[in-house]
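Here, each number is a calculation from the coordinates, and none is a lab measurement. Because the structure is predicted, anything quoted here is derived from the model rather than measured. Please note: Cβ atoms are built from the backbone with ideal geometry, for glycine as well, and neighbour counts cover all protein chains shown.
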């Protein structure tokens, strides 16, 4: 079970350390490796051209910074470990949750650290109104999502431990 967060932690962190799913950690590491091993080497010849495009320089610098940021994140992150035996039925960071959304559609969502949220369509940032509302909810609960467009009810249909 994840360690308990304290009042100074931001959503997705415990003790000031980012909490990443195992799959998210691996995908972020792959992204940093891809940047360093493929994308930057492809761009290097373009940087020494006499009439180089400054957009290439800007993209090269952006990619270098992204790889460094990912490395720093991974160096301080903890991988979420949830023991299925000790799960008490409440949704926590990293768990897949099937919900009824505002428009009546059902969807699987997975609240994760904000830096992991872009990895697929299922992941949502722990700082999002939906993720905040889901933390601690149980199957059958209806939580209120305090969204910028107004509060709306969200029913929790199922919680799945896959991937954590």
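When we screen 103, 88, 121 for residues that are free of Cβ contacts under 8 Å to residues at least 12 places away in the same chain and either surrounded by 15 or more Cβ atoms within 10 Å (Cβ to Cβ) or within 19 Å of the chain's Cα centre (by Cα) (or both), the only hit is 121. Do we find that residue 72 is surrounded by fewer than 17 Cβ atoms within 10 Å (Cβ to Cβ) and part of a helix (DSSP H, G or I) in this structure? Here the answer is yes, as residue 72 does meet what is asked. State yes or no: is residue 108 surrounded by fewer than 12 Cβ atoms within 10 Å (Cβ to Cβ) and part of a strand (DSSP E or B)? So residue 108 fails the test.
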